[in-house]
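For reference, the structure discussed in these notes is given below.
The values are calculated or read from the model by the stated rules, or taken from the named source; none is laboratory data. The shown structure was predicted, so the numbers you read here are calculated from the model rather than taken from an experiment. Positions of Cβ are backbone-derived with ideal geometry, glycine not excepted, and every protein chain shown enters the neighbour counts.
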Amino acid sequence: QKEVEQDPGPLSVPEGAIVSLNCTYSNSAFQYFMWYRQYSRKGPELLMYTYSSGNKEDGRFTAQVDKSSKYISLFIRDSQPSDSATYLCAMNPQGGSEKLVFGKGTKLTVNP
Amino acid sequence: NAGVTQTPKFQVLKTGQSMTLQCAQDMNHNSMYWYRQDPGMGLRLIYYSASEGTTDKGEVPNGYNVSRLNKREFSLRLESAAPSQTSVYFCASSERRGTGELFFGEGSRLTVL
C-alpha cells in the first residue's frame, strides 16, 4: 500500500460548482497536512496547511483532516476557471520537511 | 520578489553529457531541496540541504550530486546524463524544518536523448 493515495482524475466541473478533492494515507505518524496547487508548467505553490486534525478555511477553500480515518479533503466553493490546476496533497511526520510525502495530484478543470 | 529562481528552464542533453542545474533563493531560508517530477510518479526528493554546509540524500539520489554553495544557492549536477533522467526538476526552499511549507521554483525541463 502506498503511503499516500490520490485519485489522479481528471476532474471536470462547471463554473460555480463545489469541488471535493481527497487523499488517503497509511502512516499514522503524519502530523502536518498540506495542499499544493500547481498550474501547468509552473512549480507547486502552497495553498492550505493544517496541523493535526480539524478544519481550516481560507476564502473559498476549506481543508479537512480526519486522522481517525486517515483521510484529508480540500473543498473549493464557487469554483472559478482560474482554479483549473493540478492539486497535490502532501503530508509530513514531525522532524523534517525532507520526509514530506506528496500525492500524485488531481488535475482539475473548471469550465466557464 | 524573485523567491526561488532556477536556471536553465529548458535543456536538451545527449546521453553521457554532464550539466548543472542552478537554484537560488532570496528568502533567507535555511533548507533547500531538489525534486524531480515525472508523469504517474509524482514529486520525488533527490537531495536536500537542511542548512548551509550540509547535504543529504533523498528518495532517488543515484546519478546526481549536489552542492550547497552558500545559504542562497543549491546546485544539482548530472555527471553522466541518462535517458531515465529526463524529467522536470524543481528546487524548493523552506524556512522552518518539519512542517512541509515549501516554496518552489518554476522548474527546469530536462530531456536526455
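Of the conditions (1) closer than 19 Å to B:Pro8 by Cβ; (2) within 11 Å of another protein chain (Cβ to nearest Cβ); (3) in contact with a helix residue (DSSP H, G or I) (Cβ under 8 Å, 6 or more places away or on another chain); (4) not charged (D, E, K, R), B:Ser94 satisfies every one except a single condition; which number is it?
With respect to (1) closer than 19 Å to B:Pro8 by Cβ; (2) within 11 Å of another protein chain (Cβ to nearest Cβ); (3) in contact with a helix residue (DSSP H, G or I) (Cβ under 8 Å, 6 or more places away or on another chain); (4) not charged (D, E, K, R), B:Ser94 is out only on (1).
Within region B:70-98, track down each residue that is part of a loop (DSSP other than H, G, I, E, B) and surrounded by 14 or more Cβ atoms within 10 Å (Cβ to Cβ). Steps first, answer last, please.
Let us first name the residues in region B:70-98 that are part of a loop (DSSP other than H, G, I, E, B), namely B:70-72, B:79-82, B:86, B:95-98.
Residues satisfying the conditions are B:Lys71, B:Arg72, B:Ala81, B:Thr86, B:Glu95, B:Arg97, B:Gly98.
What do you reckon, is A:Tyr36 in contact with a Pro (Cβ under 7 Å, 6 or more places away or on another chain) and either within 14 Å of chain B (Cβ to nearest Cβ) or touching a residue at least 24 places away in the same chain (Cβ under 8 Å) (or both)?
Here the answer is yes, as A:Tyr36 does meet what is asked.
On the given criteria, is B:Phe74 in contact (Cβ under 8 Å) with a residue 24 or more places away in the chain, touching a Cys at 6+ places or on another chain (Cβ under 6 Å) and within 14 Å of chain A (Cβ to nearest Cβ)?
yes
For region A:57-77, which residues satisfy the criterion of being of a type in the set (D, E, K, R) and either surrounded by 13 or more Cβ atoms within 10 Å (Cβ to Cβ) or within 19 Å of A:Thr24 (Cβ to Cβ) (or both)?
If we filter region A:57-77 for residues that are of a type in the set (D, E, K, R), which is where we start, we get A:57-58, A:60, A:66-67, A:70, A:77.
Residues satisfying the conditions are A:Arg60, A:Asp66, A:Lys67, A:Lys70, A:Arg77.
Output the residue which, of all residues in region B:44-60 that are more than 9 Å from chain A (Cβ to nearest Cβ) and crowded, with 21+ Cβ neighbours inside 10 Å, is modelled with the lowest pLDDT.
Within region B:44-60, the subset more than 9 Å from chain A (Cβ to nearest Cβ) is B:46-47, B:49, B:51-55, B:57, B:59-60.
Right, trim to crowded, with 21+ Cβ neighbours inside 10 Å and you get B:46-47, B:49.
Values: B:Ile46: 96, B:Tyr47: 96, B:Ser49: 93.
Here the answer is B:Ser49.
May I ask you to list the residues in region A:39-90 that are in contact with a Phe, Trp or Tyr (Cβ under 6 Å, 6 or more places away or on another chain), away from every other protein chain (no Cβ under 14 Å), closer than 23 Å to A:Ala17 by Cα and of a type outside the set (Val, Ile, Thr)?
Correct list: A:Leu74 only.
Residue pairs, Cβ under 8 Å, 6 or more apart or interchain, first in region A:83-108 and closer than 21 Å to B:Cys91 by Cβ, second in a helix (DSSP H, G or I). List them.
Taking only residues 6 or more apart or on different chains, the pairs are A:Asn92/A:Lys99.
Could you check, for region B:36-43, whether at least one of its residues is modelled with pLDDT under 95, crowded, with 17+ Cβ neighbours inside 10 Å and not basic (Lys, Arg)?
Yes, region B:36-43 contains at least one residue that is modelled with pLDDT under 95, crowded, with 17+ Cβ neighbours inside 10 Å and not basic (Lys, Arg).
Mind checking whether some residue in region A:64-87 is in a strand (DSSP E or B), in contact with a Cys (Cβ under 6 Å, 6 or more places away or on another chain) and closer than 25 Å to B:Gly105 by Cα?
Residues of region A:64-87 in a strand (DSSP E or B): A:64-66, A:71-76, A:85-87.
From what is left, the residues that are in contact with a Cys (Cβ under 6 Å, 6 or more places away or on another chain) are A:72.
Narrowing further to those that are closer than 25 Å to B:Gly105 by Cα: none.
Checked against the condition, which is being in a strand (DSSP E or B), in contact with a Cys (Cβ under 6 Å, 6 or more places away or on another chain) and closer than 25 Å to B:Gly105 by Cα, region A:64-87 yields no hits at all.
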